[in-house]
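Here's the structure we're looking at; comments come further down.
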Amino acid sequence: MSAIPKTNRLGLPKAEYEGGKSTLCLGCGHDVITKQVINAFYEMGVPPYQVAKFSGIGCSSKTPAYFLNRAWGFNGVHGRMPSAATGALVANPELVGIGVSGDGDTASIGIGQFVHLVRRNLPLVYIVEDNGVYGLTKGQFSATADVGATRKKGDVNEFVPIDLCSLAIELGGTFVARSFSGDMKQLQTILEAAIAHKGTSIIDVISPCVTFNDHEGSTKSYKYAKEHETPVHDVGFVPYFEDTLAEIPAGDTKDVAFPDGSVLRFRGVGRDYDPTDKEKALRSIHESHGKQEILTGILYLNPAKPGFSEVLGATGKSLVNLPLDVVRPSREALDRVMESMR
């Protein structure tokens with residue numbers, strides 16, 4: 001007699017959150033991130049049919065095919081994932097949006113779309129699978145490669161990198177995190193909190209490319225990331241449907257509540273770091289570059305800022321389910337608009 005599979009609060013087994021078989025290189029960091037995405041949506045009890053997946057072009061952008069088979073999905077052109085997600089999630093704010101991009105897709109051709117997405121605070125979990133190279137085109141440096149990092153053939157990167165976390169905080173980002181694909185526990189906690197957040201959640205994940213950027217001299221290799229990862233805190237998350245957080249008991253901690261009643265709990269790990277202090281967060285990230293530290297954790301958090309649909313004054317309902325008299329202005333309303341423009 002086969003064992004009954006464990007289920008989540010919806011009564012669904014984890015298999016309901018899985019996707020197709022990965023075709024990425026064996027040992028790719030992206031596959032570890034996929035596993036944690038599956039775990040996070042399963043633990044949060046999000047119905048798979050209520051999720052919309054978005055991506056652009058690159059190895060990273062293949063990964064939505066490997067999780068949540070029953071979700072909606074849209075694979076856009078290079079760097080244009082944010083505009084596709086904006087249209088879909090404004091039209092149907094009842095969906096839970098997740099976008100997966102790469103450092104090339106986001107920090108080069110897609111940088112214009114990225115900055116405006118962050119400014120608008122669209123409810124979207126935005127994962128950057130950051131390996132510092134273009135893996136699909138044989139490992140050229142991307143815009144997040146560090147100065148002095150070397151390629152497999154020995155050539156050195158001379159250009160200053162774009163720090164996507166610093167940029168997101170400067171632009172008014174409300175949930176900005178960095179993690180490492182080798183730190184699975186931290187990454188899953190961050191993803192669960194990001195799903196509960198009602199604005200844009202930027203998660204930059206160092207995800208080593210085992211084929212083109214995992215050698216001596218790389219600053220995005222497993223060895224380098226493991227040796228230089230510096231968590232700014234221990235972090236625990238209590239979703240609104242649970243009662244306690246056993247992993248990090250109250251004490252020398254800081255709790256930040258979400259509007260839905262969920263709570264993030266931070267405990268310091270020997271450094272003065274407040275994830276709600278924007279200036280201190282930016283200063284810490286800037287200082288980490290000189291110390292060759294990879295700061296990880298939720299680097300900045302502001303769950304109180306209104307989301308994009310709220311700013312627009314939208315109903316919060318899917319447009320397709322609204323009655324015609326709500327979505328189509330009356331003749332009198334159109335006449336008033338025309339008159340106001342005379």
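Please go through the range 313-339 and give me each residue that is open to solvent by 100 Å² or more (accessible area, probe 1.4 Å) and not basic (Lys, Arg), ordered by number. Before you say what the answer is, go through the steps one by one.
So the first thing to find is which residues in the range 313-339 are open to solvent by 100 Å² or more (accessible area, probe 1.4 Å), and the list is 317, 320-321, 324-325, 328, 331-332, 336, 338-339.
The answer is VAL320, ASN321, LEU324, ASP325, GLU332, MET338, GLU339.
What are the pairs, 6+ residues apart or on separate chains, where a residue within the range 253-265 that is under 14 Å from GLU242 (Cα atoms) has its Cβ under 7 Å from a residue that is open to solvent by 40 Å² or more (accessible area, probe 1.4 Å) and part of a loop (DSSP other than H, G, I, E, B)?
Note: pairs meeting the criteria are ASP260/TYR240; GLY261/TYR240; SER262/TYR240.
Matching residues to (1) part of a loop (DSSP other than H, G, I, E, B); (2) under 22 Å from LEU24 (Cβ atoms):
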{"site": "ASN69", "(1), (2)": "yes, yes"}
{"site": "GLY104", "(1), (2)": "no, yes"}
{"site": "LEU122", "(1), (2)": "yes, no"}
{"site": "ASP146", "(1), (2)": "yes, no"}
{"site": "LYS152", "(1), (2)": "yes, yes"}
{"site": "VAL160", "(1), (2)": "yes, no"}
{"site": "SER179", "(1), (2)": "no, yes"}
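Pick out the one residue from VAL176, VAL263 that is out of contact with any helix residue (DSSP H, G or I) (no Cβ under 7 Å at 6 or more places or on another chain) and of a type in the set (A, V, I, L, M, F, W, C).
On the way: VAL176 fails: out of contact with any helix residue (DSSP H, G or I) (no Cβ under 7 Å at 6 or more places or on another chain).
From the options VAL176, VAL263, the qualifying one is VAL263.
List the pairs whose first member sits in the range 26-52 and is touching a residue at least 60 places away in the same chain (Cβ under 8 Å) and closer than 18 Å to VAL128 by Cα, whose second member is among the aromatic types (Phe, Trp, Tyr) and open to solvent by 10 Å² or more (accessible area, probe 1.4 Å), and whose Cβ atoms are under 8 Å apart, counting only residues at least 6 apart or on separate chains?
Pairs found: GLY29/TYR222.
Right, PHE237: outside any loop (DSSP other than H, G, I, E, B) and in contact with a Lys or Arg (Cβ under 8 Å, 6 or more places away or on another chain) or not?
On the way: outside any loop (DSSP other than H, G, I, E, B): yes; in contact with a Lys or Arg (Cβ under 8 Å, 6 or more places away or on another chain): yes.
Against the criterion (outside any loop (DSSP other than H, G, I, E, B) and in contact with a Lys or Arg (Cβ under 8 Å, 6 or more places away or on another chain)), PHE237 qualifies.
In this structure, does GLY58 turn out to be part of a loop (DSSP other than H, G, I, E, B), at pLDDT 95 or above and not β-branched (Val, Ile, Thr)? Write out each step before concluding.
On the way: part of a loop (DSSP other than H, G, I, E, B): yes; at pLDDT 95 or above: no; not β-branched (Val, Ile, Thr): yes.
Taking the combined requirement at face value, the residue does not satisfy it.
Per-residue answers, yes or no, for (1) touching a Gly at 6+ places or on another chain (Cβ under 6 Å); (2) open to solvent by 30 Å² or more (accessible area, probe 1.4 Å); (3) more than 14 Å from SER61 (Cα to Cα); (4) not polar (S, T, N, Q):
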| position | (1), (2), (3), (4) |
| --- | --- |
| HIS78 | yes, yes, no, yes |
| THR86 | no, no, yes, no |
| VAL90 | no, yes, yes, yes |
| GLY99 | no, no, no, yes |
| THR106 | no, no, no, no |
| ILE111 | no, yes, yes, yes |
| HIS116 | no, yes, yes, yes |
| LEU122 | no, no, yes, yes |
| VAL128 | no, no, no, yes |
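From the set of residues in the range 181-200 that are assigned to a helix (DSSP H, G or I) and among the β-branched types (Val, Ile, Thr), which is nearest to ALA143 (Cα to Cα)?
Result: ILE190.
Just give me the residues in the range 265-279 being open to solvent by less than 50 Å² (accessible area, probe 1.4 Å) and either in contact with a Phe, Trp or Tyr (Cβ under 7 Å, 6 or more places away or on another chain) or aliphatic (A, V, I, L, M) (or both), in sequence order.
PRO275
Answer with yes or no whether THR230 is hydroxyl-bearing (Ser, Thr, Tyr), out of contact with any Asp or Glu (no Cβ under 6 Å at 6 or more places or on another chain), surrounded by fewer than 20 Cβ atoms within 10 Å (Cβ to Cβ) and outside any helix (DSSP H, G or I).
The answer is no for THR230.
Filter the range 1-51 down to the residues that are among the polar types (S, T, N, Q) and in a loop (DSSP other than H, G, I, E, B), then identify the one that is surrounded by the fewest Cβ atoms within 10 Å (Cβ to Cβ). Don't jump to the end; show me each part of the working.
So in the range 1-51, the residues among the polar types (S, T, N, Q) come out as 2, 7-8, 22-23, 34, 36, 39, 50.
The next check asks that each one be in a loop (DSSP other than H, G, I, E, B); those that pass are 2, 8, 22-23.
On the way: SER2: 4, ASN8: 16, SER22: 17, THR23: 10.
Checking each candidate, the answer is SER2.
Can you tell me which residue is nearest to CYS165 (Cα to Cα) among those in the range 252-262 that are open to solvent by 40 Å² or more (accessible area, probe 1.4 Å) and within 20 Å of the chain's Cα centre (by Cα)?
ALA257
For the range 252-308, name all the residues that are in a loop (DSSP other than H, G, I, E, B), of a type outside the set (A, V, I, L, M) and closer than 22 Å to GLU229 by Cα.
Applying the first criterion (in a loop (DSSP other than H, G, I, E, B)) to the range 252-308 yields 252, 258-262, 269-277, 292-293, 302-307.
Pick out the ones that are also of a type outside the set (A, V, I, L, M) and you get 252, 258-262, 270-277, 292-293, 302-303, 305-307.
GLY270, ARG271, ASP272, TYR273, ASP274, PRO275, THR276, ASP277, GLN292, GLU293 - these are the residues of the range 252-308 that are in a loop (DSSP other than H, G, I, E, B), of a type outside the set (A, V, I, L, M) and closer than 22 Å to GLU229 by Cα.
The values are calculated or read from the model by the stated rules, or taken from the named source; none is laboratory data. Predicted, not measured: the structure shown is a model, and the values here were computed from it. With ideal geometry, Cβ positions are generated from the backbone for all residues, glycine too; neighbour counts draw on all protein chains shown. Heads up: the accessible areas ignore ligands, DNA and RNA and are worked out on the full protein's heavy atoms, side chains in. Shrake-Rupley method; radii C 1.70, N 1.55, O 1.52, S 1.80 Å.
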